[in-house]
1. Applying 1/(1 + (r/R0)^6) with R0 = 45 Å to the Cβ-Cβ distance of B:Arg591 and B:Glu516, what FRET efficiency is obtained, to the nearest 0.05?
2. About its Cα centre, what dipole magnitude does chain B give when the only charges are +1 on Lys and Arg Cβ and -1 on Asp and Glu Cβ, stated in debye to the nearest 20?
3. As an exercise, identify the trypsin sites (Lys or Arg not before Pro) in segment B:264-358 lying in DSSP coil whose Cβ has no more than 14 other Cβ atoms within 10 Å.
4. For segment A:147-162, take each phi angle, set θ = phi - 60°, evaluate the Karplus expression 6.51 cos²θ - 1.76 cosθ + 1.60, and give the result in whole Hz per residue in order, putting x for glycine and proline.
5. Mind checking which of A:Asp138, A:Asp332, A:Asp118 has the largest fluctuation in a GNM of chain A, springs on alpha carbons under 10 Å?
6. With just the Cα atoms defining each centre, how far is segment B:494-568 from segment A:117-161? Give it in Å.
7. Sorted by average packing, counted as other Cβ atoms within 10 angstrom per residue and highest first, what order do A:178-190, B:6-18 take?
8. For segment B:152-167 and segment B:177-236, write down the distance between their C-alpha centroids in whole Å.
Amino acid sequence: MAAGVDPSIEGVDSAWLERLDTLRESGAYRSYLRVRREVLSLLSLGQNRRMTGHAPSDYWSGELSRFEYMLDASPLVIEQLRHHTHNLTGLLPQHYRESLESKKTQFAEKLAALRKLDETGVWVPEARQLGGFGFDIDGELVNIDTLKFYEVLIALEQGAVLGEMREATDRKLVWEIGAGWGGFPYQFKTLCPNVTYVITDFPELFLFSATYLMAAFPEARVRFYGEVPAEETFMGWQELDFVFIPDMFHAAVRPERVDLTINMVSFQEMTTQQVETYVRRAHALDCQYLYSLNRDRSHHNRELSNVRSILSQYYWPREVPMLPVSYTKMLDANPDMPGRGYKHVVGWRRVRT
Amino acid sequence: MSTARVVIGAPLYNHADELGEAVESLLLQTHQDFRLVCVDDQSTDGTEEVVRDYSVLDSRITYTKNPRRLGMIGNWRRAFELALEAEPDAEYFAWASDHDVWHPRWLETLVRVLDERPEVVLAYPRNWRIGPDGLMTDKRPWEFDTTGVENRRDRFRRTMRHMSAGNMIYALGRADAIRRAGIFRHVLVPDRLLLMELSLEGQFHQVSEMLWFRRWYGPIFSLGRQRRAFFPDGRPLYAYLPWWIGHAASLTWTLGVRAERSPEIGRVTGARLGARYLWLAGFLHARQQLKQVRIDILERAVFLKPLYIRARGTWRGIERRRADTAKRWRRSFGSSEKRRKLLQRVRDGAKKRVKRIVFPVGRAMLQGIRALPLMRSVVVPWLAREEIDQVPSGPEVFAMRKTIKLAAQGDAPIVVGPWLSEVGFEVLYWIPFLAWAVEEFEIPPERLIVVSRGGAHVWYRDIAAHHADIFDMMTVKQFRKRNEARWADGGNQKQMAPAAFDEYIVKLVQERRGLEDVNVLHPSVMYRLLRYYWYEKGAISLLNKHTVYRPLPAVETEEVARVLPSEYVAVRFYFRPSFPDTPENRALVGRVIRSLARRAPVVLLNTGLSLDDHEDFHPDTGMGIHSIEHLMTPSRNLAVQSAVIAGARMFVGTYGGLSYLGPFYGVPAIALFSNEAELVATHVDVSRRLSRRLEAPLVTLDVREVAVLQMLFDTLDLTPATGAEAVDSAQPKTEHPS
């Protein structure tokens, strides 16, 4: 045995080793390594703040611990990163096998129904990179997340917000509170390249979203909180494509402007105080529009009054009608009970609160 | 000092609950240069407090309360007047309701439209309806626009039929145009009348974005409600007239009698507009009323409902059957070409039937008019002088001129052709027609790209600077196949309309030359016009007025001269209906060629190529008879034949096609036929006129007149006297001595 060779891989097929080496050199894995470095740094930065009241809820603590392995992911994991986002979405590639024909038909029907509502062409399919999956409909991958994001984009278009972002000649800044694995920012940035997209989330989730977005947009200019002094986070923001701010530090930075604040399915899980903090912050930053896809309150969440009523204090809420069923359901499901379903709300900033 | 370019007048009345959101949405406009003038018509809720709170925050808001209730019309007028008093130099004005919501870019977008388009007087966005709770309803947004409609009457008619007055009245408009249009007149449904009058001022433009959210409280419109809201001091009698009669009367009074819009709209036009409004609005109103009557009857007389349902079912059955028939019809006539042809037949049939009905009536009327003394003594003789016989082609002349004018507009290259039919028509009509068109419409040759085949471009050199040969783009076989398919589809060779093959060739030319946009001058323009003459429906003047007959440009003869005798007779015989393939004709052609060859070298123009529907006659070549088949290639056979004819002492051949070329090159020609019934008299006539005009004889002869032929040949003074000598002199130059 030659000196220096790892005994654990002695005798392994050289082609396999070569593939691993190639993956290690891939852009996605290199992005992941950068994200991991930043996330570890953010976690250590935020340790004290978490002890002083910014700790995740019990629910989220449990959730975050399930994908702790992502802090030491192999190139093979990153190559199939989308398969691992099930930790956040519950969706797995096997839910979209081509043999599930009736389910595929339901997806195709829902997609067709949404296309009828889409007057300006805002459809963006699931990207095939990093293990993208879904039913192959007309050569494009479609899963429940893709349809959800499509609904959101249509709602933003009909709420007269997206057009402004798509045709923007001056740079816009979009702030998403809780971007999950980065699917929506990918779609939004694809449609509206002239925006700086700011994501506020648990740092651990950047392992998914930042890695995914940096792989999807290899040329994108990215900044993480802490890479520069906090007050300089948004210095030269027009030159940046993505900015990642951990939840516990969002109040520590102040962008020059915010044009649109987005929240999908997480206000409903927060406490009244948390939702109000975010909405008040958006209002204080002179953010013109706030978009929310939430139920008024999750039925298990006893610490939240009502998302819409909190929004209404700072924004004039405008509910955009969409399909008779929520994004989680297919068209043949029973329509949502009044007041129970997810609502697409576009809020306009109030002059007087 | 006030300098705002935009002023918004907000007539307010008892909407305090929604007013805050409405005012805020206006204050958040990205276009900040405006003033908001709120006029409260004695609201009894908290309207005043809401506005005063905001006016403290923003100095652009002013608040005025009417000293007494004016009603809706009075309040809207006052909002306009106070707004323009506050901002006398404001260019644009809009009414804002006290309960709707505007997108922050509403004003910015509409101001941009009015700034950029001086012809637009009113600009508005698409809009959503929102419920009292702010929920956007799923009703699709309305659309109406008169952008680009320059004709005032067209705008008036379209606005009448399709406007959405309740939405459009909240548009941003030019303040002076609104003032000229009378602001809000004291009639029922005054928004409709204002918009009708504004349509006379200029165009309406709808931007495609959703920039206005109109709060919708359900269908609350009623004339009774309007009478109460508009006339708080008592309703005038005219308020009980149907609203559209009131509008028509108002239009007639203001435009026709008082001539308020003179000189743009004179009294007569104004009165006509009033009448037009009465008719159009009355018709639409009657239709609506009938619909309402039906609903009312069915609501009251319930026993009629089953009958109605049955009748409706029967009607739908008829409709369904009609749809099924249409479907079957589509199946039977699957190809679009078949459908097109059938439709054409149906259309032609319908036209004929209409003509059969209309013409006798028209003729009787004309006869009546002609019987008038003035007509008989002055007008009819004048018309006769103006060649009344051209009347049938009048519309076609107009259409032709319009088509060429359109093609000549702009700077885009013009593709002339493609010419796909007979050589005879090309030489005798198409080229002279083009020569006329180029002169008449002053089209520079640099813009023209002639598309023909077989090197025919040599005929167009003085017309067009560019050419494309079809045989450079496809093989002879491909051309024949597709061209024959075109004949089969069209019924004959004539290019009466652009076919798919024509379009295909134009595309090829575009691709080859890398041209994105081209205009096309298709032979159908000429075919459709001159058919009146060919079929003897139009006088010779139709042809004379639209053609220029002049010699064809000189053709390069050097190359062919090298292989030909110095003097020769060009011969081209082929068989066609007017000269069929019979033993007698074959024998005659043989005799003619041999006889000619005894006097002078004969050059046969046979191509050896199967390019068209003409079958060449192949005599045995012998002493003094030359063949040039070796020079013929698909892409230059016509150029070679032209060169040979141009250099010949005389041309002899079958009547038609190449025989017309002789006079164009100043070469005498004899054209033979044997079946006169197959000749088109007008073509023969043109050929004779052509020969006279170009001073080169073109003799058309019936083969039965052999004696005449003989006499003709006897009188020819050709040198050298024998074919043998001529051949000898040509011998060193020819590659294929006969």
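Taken together, the values in this text are just the output of simple stated rules run on the coordinates, not laboratory data. A quick note: this is a predicted structure, and the numbers were derived from the prediction, not measured. Glycine also receives a Cβ, built like all others from the backbone with ideal geometry; neighbour counts cover every protein chain displayed.
1. Between B:Arg591 and B:Glu516 the formula returns 0.20.
2. 4180
3. Counting only loop positions with at most 14 other Cβ atoms within 10 Å, none of the trypsin sites (Lys or Arg not before Pro) in segment B:264-358 qualifies.
4. 3J(HN,Hα) across segment A:147-162, in whole Hz: 5, 4, 5, 5, 4, 5, 5, 5, 4, 5, 5, 6, x, 6, 10, 5.
5. Highest fluctuation of the listed residues: A:Asp138.
6. 54
7. On the way: A:178-190: 23.8, B:6-18: 21.9.
Order by mean packing, descending: A:178-190, B:6-18.
8. 13
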